[in-house]
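The values are calculated or read from the model by the stated rules, or taken from the named source; none is laboratory data. Here the structure is a predicted model, which is why all the values come from computation and not from measurement. All Cβ positions, even for glycine, are placed from backbone atoms using ideal geometry, and neighbour counts span all protein chains on display. Areas reflect the complete protein model, heavy atoms only, side chains present, ligands, DNA and RNA absent. Shrake-Rupley method; radii C 1.70, N 1.55, O 1.52, S 1.80 Å.
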Amino acid sequence: MAINKDSNAYTIIFAIAMCVVVGTSLVIVSQTLKPVQEKNVMNDKKQNILAAIQVEATLQDAGTKFEQYVKDAVILDANSQAVEVKTDVIAEALTINALSEFKDKPATDRRYPLFICEKDGSRFFVMPVGGQGLWAGVWGYVAVGEDLNTIAGASFDHKSETPGLGAEIATPFFETQFTGKKIHDDNGEFVSIRVVKPGGPKSDHAVDGISGGTFTSVGVDEMLMRCMSIYSKYFKTMSKSTALN
Amino acid sequence: MSEATAPAKSPSEGLFSKKNRKLITDPLNDSNPITVQVLGICSALAVTVKLDNSVVMAASVTAVTIMGNFFMSLMRNIVPNRIRIIVQLVVVAWLVIIVDQVLKAYVYDVSKSLSVFVGLIITNCIIMGRIEAFALGNKPGPSILDGLGNGIGYGIILIFLGIVRELFGSGKLWNAQVLPANWIYSMDNPDGWYVLNNFMIMPPMALILVGLYIWAQRARNTKLIEAH
């Protein structure tokens, strides 16, 4: 070959050509696969919401089961007022990511979706929650029953908590503790569900944290307190109004 | 020994000649990327808690070593020498992004639990190591075989770790209960005789297992033992 491979011109042209080829092909791949990926993310979310009301779903059937159980949704602003949504409110609520609301927005701008589900004739209200664990974000879904107080189920997930320690929040051992707990005390005041050191006295408003996963437990505690207080205020206005019945 | 680059072959040589077959079989034992060359350890520790993760990671790395070797070997005569490492990096990164996108689209659960480690395939020394040591000096055919061999060599170790760690750490294999539930000790089942070994789930245990594997391998294959 007559081309001088060590010349600057050749090197620069080669580099540019490589960038164009690589860049173009990646755009094509990413655009082709995008719809499938977005569907996966959505189904994963639906799966987690269903898990909070104790409905088991796989990634494949989460979509149909979600339609079957989730009947309505409300989007709240930071003052616990329902925001008016013109389009399909469930679809709109699904686009809200509790974790990025917490991470990327000032407290006053955050939106709080609430999913209203129906299972075996009774209604459940699923509250998405998001916060900070030890390494990265933690989030979850907590469902309360028709009394707007007793927890029917909870599911949690995390980005990168330590396996065997903080990551245990996403296991049934931690999640099932929430069932039957109450987010309001006997006087109807909001007390959240505290995540406390294991071995303490049993309470209706506390669950055992993870031994060795203290930071994650504290993160879950903070997240529940902060997010559920918003929903709690809304629940109060809800139980006063007759519109619910 | 491990970094030995096969000399260029004459054009008449068949793809599955003895020398080429060795390209596949060598990395399985004598020059295993993990246990002999000690490359790619980090991901072997991080993703082997469960067998399914191990298998997907092994397949992903194998795909990247094969394709990386293939593309770099095709380009070996036109790559400007001065930016050769950057070109390798771009090709590997390009392949890894494609693998990551495909996993996200078709095996979302696994891609979720592999999280950042798919992206980190880029930094897996096996891939750049094989491109630099082999693909840049050899034709595409043998380069593919070399990539395949090293990918499998890496995969074998991952799968071994995945089986041991999932079985003893969770009592499961491929997420299916293998140890009968009534054997496993828990609060609800105090009669169980086996306490799930939480240490198996932690990354350090993978390092210990790799160590045991290296020990066993060297005990059987004495030519791996360095002279002092």
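Taking the criterion of being open to solvent by 30 Å² or more (accessible area, probe 1.4 Å), within 7 Å of another protein chain (Cβ to nearest Cβ) and within 20 Å of A:ILE12 (Cβ to Cβ), the residues of segment B:84-103 that qualify are B:VAL90, B:TRP94. Evaluation of B:THR48 against the conditions (1) part of a helix (DSSP H, G or I); (2) under 19 Å from the mean Cα position of the chain (by Cα) shows that the sole unmet condition is (1). The C-beta contact set for segment A:8-25 (first residue at the interface with another protein chain (Cβ under 7 Å from one of its Cβ atoms) and among the charged types (D, E, K, R), second residue exposed (fewer than 10 other Cβ atoms within 10 Å of the Cβ) and assigned to a helix (DSSP H, G or I), distance under 6 angstrom, 6+ apart or interchain) is empty. Against the numbered list (1) under 30 Å from B:SER17 (Cα atoms); (2) in contact (Cβ under 8 Å) with a residue 60 or more places away in the chain, B:ASN175 comes up short only at (1). Among the residues of segment A:155-178, the one identified as within 9 Å of chain B (Cβ to nearest Cβ) and among the β-branched types (Val, Ile, Thr) is A:THR162. Are any residues in segment B:57-110 touching a residue at least 12 places away in the same chain (Cβ under 8 Å) and among the polar types (S, T, N, Q), and if so, which ones? Correct list: B:SER60, B:THR62, B:THR65, B:ASN69, B:SER73, B:GLN88.
Output yes when any residue across segment A:28-40 is within 18 Å of A:ALA91 (Cα to Cα), within 13 Å of chain B (Cβ to nearest Cβ) and among the polar types (S, T, N, Q), and no when none is.
yes
Put simply, of A:VAL36, A:VAL74, A:VAL55 the only residue that is open to solvent by less than 90 Å² (accessible area, probe 1.4 Å), on the phi < 0 side of the Ramachandran plot and free of Cβ contacts under 8 Å to residues at least 60 places away in the same chain is A:VAL36. Return the residues of segment A:2-18 that are open to solvent by 70 Å² or more (accessible area, probe 1.4 Å) and among the small types (Gly, Ala, Ser); say none if nothing qualifies. Of everything in segment A:2-18, just one residue is open to solvent by 70 Å² or more (accessible area, probe 1.4 Å) and among the small types (Gly, Ala, Ser), namely A:ALA2. When residues in segment A:91-101 are screened for being open to solvent by 30 Å² or more (accessible area, probe 1.4 Å) and within 15 Å of A:LYS46 (Cβ to Cβ), 4 of them pass.
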